[in-house]
Amino acid sequence: MWGAKDNPKKMFHDYYQSGAEGEHTLNTTRDAFNSIKLKARALGDADAFKGTETTFLGHKIASPICLAPTAFHMLVNPEGECATARAAAGTKTLQCLSTWSNCSLEEVAEAAPDNLRILQCYFSRSDEVNKDIFERAEKAGYKALAVTVDTQILGNREADAENKFSLPKGIKMGTIAKYTSTHVTGVEGSGLDEYVRKYKHNGFTWKDILKIRQFTSLPIILKGIQCKEDAAKAVEYGADAIWVSNHGARQLDTTPASIEVLEECVQGVDGKIEVYFDGGVRRGTDVLKALALGASAVFIGRPQLWGLAIDGQKGVEDVLKILNSELQRSMILTDCQEVKDITKERVIHSAYCSPKYLTAKI
Ligand SMILES: Cc1cc2nc3c(=O)[nH]c(=O)nc-3n(C[C@H](O)[C@H](O)[C@H](O)COP(=O)(O)O)c2cc1C
Ligand SMILES: O=C(O)C(=O)c1ccccc1
């Protein structure tokens, strides 16, 4: 059979695209967004539109649409995460770099020195390694750590196992190269499982969040919160922000789309810390919905990879610009002149749009 072995591009595409197991969550995410309706407002003053500028942990960004951490950008572009960093700088938004980047965190900082950047972290088994990474991040000007909390073990991505995913020779693990290796035995399944087994501390639990606090003075964001109980716990354990995400539907299949749990997570933090969001954002209207339901910034995962694959830095910039112009249009048509006007009143939940509700006598 013709497969990934003969066509590495298929292996890379499958890795970027896939969700976990039956991909039920992946396949229902668009419907979840589309079932939330926007409330159009008449005669909002389009000339008075102020723009999409906002803040992230107090730092200014030109748009609330940011770049999520996605591993291994060199699979589709030789400049890897440095190209992505330049795209974020070009559009004055934020890049969150993955632990599993091919370019090192220092190379990325050098590629776009003035850009706002944060680092996604998986906790290593070694405290020395963790301390070293946090120190490197701080020194290179990263403004926060996004600690991923939804990946105690890697989700079951069947295509990666079938393809026996591994990094091609010559592609390094930039940020963690000095602590681990890209070598896989390749006996069975996806090489990703082996990368994770070798590096990641799977016994990392809530108490270790307190430990991170002792290791660094950078703000700590917990990425991968999906329910109100964990949102409240994040506050209790001193997180500076939460990031509502189901890891692009790549971890536990049949969970709700992350847009469906955003409101309850916002309730869980009770206004005490900022809430960010990702998962299936493909249109400006999706951004508006997430902000209306309580997120202060949204992140895109796969769309940046498609842009990078098609046209490098420019491709990622184009994706960000298109999404931002769509956001602007939807803001104007819902009568929002600036980001702070994007409130809950802008959306109508599907439950209220059901035929039963529309025909009910009130
Ligand atoms: C190819 C790929 C690699 C990813 N790598 C990481 C990673 O290294 N660390 C992490 O916290 N999340 C990772 N994610 C999850 C993203 O940060 C983000 O949560 C998700 O992609 C958002 O959904 P979207 O792709 O629908 O926009 C990855 C996602 C994809 C698609
Ligand atoms: O692919 C991913 O989603 C991811 O987070 C990951 C995990 C291990 C190695 C590389 C990326």
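Answer with yes or no whether GLU81 is closer than 20 Å to ILE171 by Cβ, touching a residue at least 24 places away in the same chain (Cβ under 8 Å) and open to solvent by less than 10 Å² (accessible area, probe 1.4 Å).
Numbers: closer than 20 Å to ILE171 by Cβ: yes; touching a residue at least 24 places away in the same chain (Cβ under 8 Å): yes; open to solvent by less than 10 Å² (accessible area, probe 1.4 Å): yes.
Here the answer is yes, as GLU81 does meet what is asked.
May I ask you to say which residue of ILE259, ILE212, ILE220 is closer than 25 Å to LEU26 by Cα, of a type in the set (A, V, I, L, M) and open to solvent by less than 20 Å² (accessible area, probe 1.4 Å)?
Values: ILE212 fails: closer than 25 Å to LEU26 by Cα; ILE220 fails: closer than 25 Å to LEU26 by Cα.
Just a single option satisfies the conditions, and that option is ILE259.
Hey, does the stretch 151-168 have a residue that's away from ligand 2 (no atom under 16 Å from the Cβ), farther than 26 Å from ASP253 by Cα and either outside any helix (DSSP H, G or I) or in contact (Cβ under 8 Å) with a residue 12 or more places away in the chain (or both)?
no
State all residues of the stretch 183-194 that are assigned to a loop (DSSP other than H, G, I, E, B) and within 11 Å of ligand 2 (Cβ to nearest atom); if no residue qualifies, say none. Working first, answer last.
Our first condition is that a residue be assigned to a loop (DSSP other than H, G, I, E, B); within the stretch 183-194, this holds for 183-190.
SER190 - this is the single residue of the stretch 183-194 that is assigned to a loop (DSSP other than H, G, I, E, B) and within 11 Å of ligand 2 (Cβ to nearest atom).
Can you find a residue in the stretch 92-104 that is more than 16 Å from ligand 1 (Cβ to nearest atom), open to solvent by 30 Å² or more (accessible area, probe 1.4 Å) and touching a helix residue (DSSP H, G or I) at 6+ places or on another chain (Cβ under 9 Å)?
Initial filter on the stretch 92-104 (more than 16 Å from ligand 1 (Cβ to nearest atom)): 92.
Narrowing further to those that are open to solvent by 30 Å² or more (accessible area, probe 1.4 Å): 92.
Those left that are additionally touching a helix residue (DSSP H, G or I) at 6+ places or on another chain (Cβ under 9 Å): none.
No, that holds for no residue.
Return yes when THR55 is open to solvent by 10 Å² or more (accessible area, probe 1.4 Å), β-branched (Val, Ile, Thr) and in a loop (DSSP other than H, G, I, E, B) and no when it is not. Explain how you work it out, then say what you get.
On the way: open to solvent by 10 Å² or more (accessible area, probe 1.4 Å): yes; β-branched (Val, Ile, Thr): yes; in a loop (DSSP other than H, G, I, E, B): no.
Here the answer is no, as THR55 does not meet what is asked.
Is there any pair with a first residue in the stretch 12-31 that is among the charged types (D, E, K, R) and a second that is part of a helix (DSSP H, G or I) and open to solvent by less than 10 Å² (accessible area, probe 1.4 Å) whose Cβ atoms are under 7 Å apart and which are 6 or more apart or on different chains, and what are they?
From the stretch 12-31, the pairs are ASP14/ASP160.
The values are calculated or read from the model by the stated rules, or taken from the named source; none is laboratory data. What you see is a predicted model; the values in this text were computed from it and never measured. In this analysis, Cβ positions are derived from the backbone assuming ideal geometry, glycine residues included, and neighbour counts consider all displayed protein chains. For the accessible areas, the whole protein counts, side chains as well, though only heavy atoms, and no ligand, DNA or RNA atoms are used. Shrake-Rupley method; radii C 1.70, N 1.55, O 1.52, S 1.80 Å.
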